[in-house]
1. Using helices alone, I'd like the mean residue ellipticity at 222 nm for the chain: each DSSP H run of four-plus residues gives -39500 (n - 2.57), total over residue count, nearest 500.
2. Of the candidates 88, 28, 54, which one comes out as most mobile in a Gaussian network treatment of the chain with C-alpha springs shorter than 10 Å?
3. Take the Cα atoms of the range 47-180, build their convex hull, and give its volume per residue in Å³.
4. Quick check for me: using +1 on Lys/Arg Cβ and -1 on Asp/Glu Cβ, what's the dipole size of the chain about its Cα centre, in debye to the nearest 20?
5. Could you tell me which trypsin sites (Lys or Arg not before Pro) in the range 154-187 are loop residues by DSSP with no more than 12 other beta carbons within 10 angstrom of their beta carbon?
6. For the range 137-184 and the range 66-119, what is the separation of their Cα centres, given in Å?
7. Given springs between every Cα pair under 10 Å in a Gaussian network model of the chain, which of 30, 152, 70 has the largest fluctuation?
8. Which value does Rg/Rh take for the range 7-64 over its C-alpha atoms, Rh per Kirkwood?
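We did not get these values from a lab; they are worked out from the coordinates using the rules stated. As the structure is a computational prediction, the values presented were derived from the model and not from experiment. Cβ placement follows ideal geometry from the backbone for every residue including glycine, while neighbour counts extend to all protein chains displayed.
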Amino acid sequence: SKSLVQARLGNSLLDYYMREKRLEHNLYMAVEQSLIFGSGYVRVDWDVNSGREYGVDSATGSVKMEGDLAFSNPSVYDIFFDTLKEDYNQNDYIIQRSFKNRFDLITQYPELTEQLGTVPSKNEGTRNGMSSHMESNSDDVEVFELFHKRTASLPKGRYLYFINQDIVFLDEELPFRDIPIYRIAPS
């Protein structure tokens, strides 16, 4: 009877994430991308700003949220790994490129305000090898995340969140059991 209760709870949680958190949509998008590009990806994150409010930080006065899982579909153009490996799952590292709001980053990392002010915007120069002809200025800047598995050379793994060699937000051991980017590819 204990197993039946746990199975019902598990099914309810999965159903919640499939419908309410749009995991089903992300899975469909990964399948569609894999059929078009040969690979599709689903990224699983922990969103510290979602969930229910549970308190207020006494030092800053900011509202504390419970957090919850969040899902996204990185583009094949934004995922980098050793393509010479015969199996994607044999890769020791994966790098993901994304675009974040410059001012959100400045709020999160005020000690890097000056450096972040000099980073080119998303639409300055080229993107994906194509010239940008948009007149509007974007507040988004290119950021990278490196996930390195636990290996003999890096027993604790590594997580690196950065823009370039001079602007590094986080450099720490891998805080996850696995790399949180999952690939789907038609065989």
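1. -7500 deg cm²/dmol
2. Greatest mean-square fluctuation among the candidates belongs to 54.
3. On the way: hull volume 22.3 nm³, N = 134.
Normalising the Cα hull of the range 47-180 by residue number yields 166 Å³.
4. On the way: 20 positive and 29 negative charges, 151 e Å.
The dipole of the chain has a size of about 720 debye.
5. Values: sites: 156, 158, 177, 183; in loops: 156, 177.
Answer by residue number: 156, 177.
6. Using only Cα atoms to place each centre, the spacing works out to 7 Å.
7. In the Gaussian network model the winner is 152.
8. Working: Rg = 16.7 Å, Rh = 14.2 Å.
Reported Rg/Rh, Kirkwood definition of Rh: 1.18.
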